[in-house]
Amino acid sequence: MSKPTKKPTPQMSDIARLAGVSKSTVSRALANSPLVNQETKDLVQKIAREQNYRLNTVARNFRLKESLTIAVLIPSAGNAGWRLSDPFFLELLGSIAEAVDRHDHQLLLSRTSAQDSDWIEDFVNKRRADGIILIGQGSQHEAINKLAATFKAVSVWGAKIDEHQHYSVVGSDNVLGGHRATAHLIERGRKRILFLGYNTLPEVSQRYKGYCDAHASANLTIDPKLQVATGSDESDGYLAVINAIESNIDFDGVFAVSDVLAMSAIRALQERKISVPKDVSVVGYDDISLASYYNPPITTIHQNRSAGGKILVDNLLEAIEGHKPEMISLNPELIIRGSS
């Protein structure tokens, strides 16, 4: 069977021909110029979206050093989704904002709730963002990959999922991070380690693999009862640990996939008069600013948000120029504090 012919990249002349107007009118309509009436603008912009002409427009703006609008989105994943108030997100967002500002571009922030497979594409078409940075993939890898096959101006903080991934990612080495967190607990003599997090999500599933690998390296068997699926809110982690205690699940360590969950685990343990770290050692993930000030200070896996934010923006601008950025995996550093 012969391979399908690749559709040529649309030119401004193609948009002009389909709309029945001149190239200069197309240029003005795409720039939302008041010199073009609204009916013509709507027609030209509709055809441009259908022909995926946005990429050409963004590249032109980039070459001319015009200010681009870069959207930062948080994919929702039901009860496990990110929240705008999440400390890790806020700290990473600050790094992204600084990098965008250094390039003299504009930042647009939005939290999305995925309703169908075209949710990101709908955002692109309605908000007219020149490029998109996604914080986490949630459960939306397929939707992101579908968009990125044609709309290349996408940069994601998250995990590399497969070899057919069309979008670049920046993130910590989650398998190694999970392994280091769990190995540290095992070195502390902990043999029944509670895992807190939804391991169906890409980044969390990789941290869970590291958790499993560390057990295998120590010749320890994992009790399935120790894998506790929980949302990202502090209340979710708190209730999960309370439930484990009340269900008489025996555990002497906790690996939480975020510092927020680690804090909630410590609060639940302390309320039940269980000493941390004497009775139960706790390790979190992210190394948010508050982690070092908690009581006790939280042992955690550091994710380099400063470098991550800069690379996310650099990768996006590289994609807008027409290049394919590399997948970047940052080293997850174990920070040992009082909770373990």
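Taking H as built 1.01 Å from N, whose amide H comes closer than 5 Å to the amide H of V36, not counting residues under 5 places away?
none
Out of residues 5 or more away from L134 or on other chains, whose amide H comes under 5 Å of its own, with H placed 1.01 Å from N in the peptide plane?
Sorted by chain and number, the residues that satisfy this are L73, S155, V156, W157.
Give a residue-ordered list of calculated ³J(HN,Hα) values for segment 44-52 (Karplus: 6.51 cos²θ - 1.76 cosθ + 1.60, θ = phi - 60°; whole Hz; x for Gly, Pro).
Taking θ as phi minus 60°, the curve returns 4, 5, 5, 5, 4, 5, 5, 8, 6 Hz for segment 44-52.
Tell me the net charge near S168. Cut-off is 15 Å between Cβ atoms, S168 excluded, with +1 for each Lys or Arg and -1 for each Asp or Glu. Walk me through the numbers on the way to the answer.
Numbers: positive: K152, K160, K310, K324; negative: D162, E163, D314, E318, E321, E326.
Result for the neighbourhood of S168: -2.
Cross-link list K160/K324; K152/K310; K46/K324; K209/K324: which exceed 20 angstrom alpha carbon to alpha carbon? Show your work: numbers first, answer last.
Numbers: K160/K324 15 Å; K152/K310 18 Å; K46/K324 27 Å; K209/K324 28 Å.
Those over the limit are K46/K324; K209/K324.
In sequence order, what are the phi-derived ³J(HN,Hα) couplings for segment 136-149 according to the Karplus relation 6.51 cos²θ - 1.76 cosθ + 1.60 with θ = phi - 60°, rounded to whole Hz, with x for glycine and proline?
x, 9, x, 9, 10, 4, 5, 5, 5, 5, 4, 5, 5, 5
In terms of modelled amide H atoms, which long-range or inter-chain residues lie less than 5 Å from the amide H of V282?
V254, S340
Please give every one of the aspartates and glutamates within straight-line cross-link reach of K273, meaning a C-alpha to C-alpha distance under 18 Å, and leave out same-chain neighbours fewer than 8 residues apart.
E246, D250, D252
Return one whole number: the accessible area per residue of segment 166-247 in Å², for a 1.4 Å probe. Intermediate values should be presented prior to the final figure.
Values: 3440 Å² over 82 residues.
Spelled out: the 1.4 Å probe surface of segment 166-247, per residue, equals 42 Å².
Can you run phi through the Karplus equation (6.51, -1.76, 1.60; θ = phi - 60°) for segment 252-265 and list ³J(HN,Hα) in whole Hz, with x for Gly and Pro?
After applying 6.51 cos²θ - 1.76 cosθ + 1.60, I find 10, x, 9, 10, 9, 7, 8, 5, 4, 5, 5, 4, 5, 5 Hz.
Heavy atoms only, 1.4 Å probe, whole protein assembly: order L334, L201 by accessible area, highest first.
Details: L334 50, L201 30 Å².
Ranked list, largest accessible area first: L334, L201.
Heavy atoms only, probe 1.4 Å: what % of the accessible area of segment 157-261 goes to carbon and sulfur, would you let me know?
Details: 2080 of 4350 Å².
Exposed carbon and sulfur together represent 48 percent of the surface.
The values are calculated or read from the model by the stated rules, or taken from the named source; none is laboratory data. The model shown is predicted, which means the values in this text are computed figures rather than measured ones. Neighbour counts run over all protein chains shown; Cβ positions are idealised from the backbone, glycine included. What goes into the accessible areas is simple: the full protein's heavy atoms, side chains included, and nothing from ligands, DNA or RNA. Shrake-Rupley method; radii C 1.70, N 1.55, O 1.52, S 1.80 Å.
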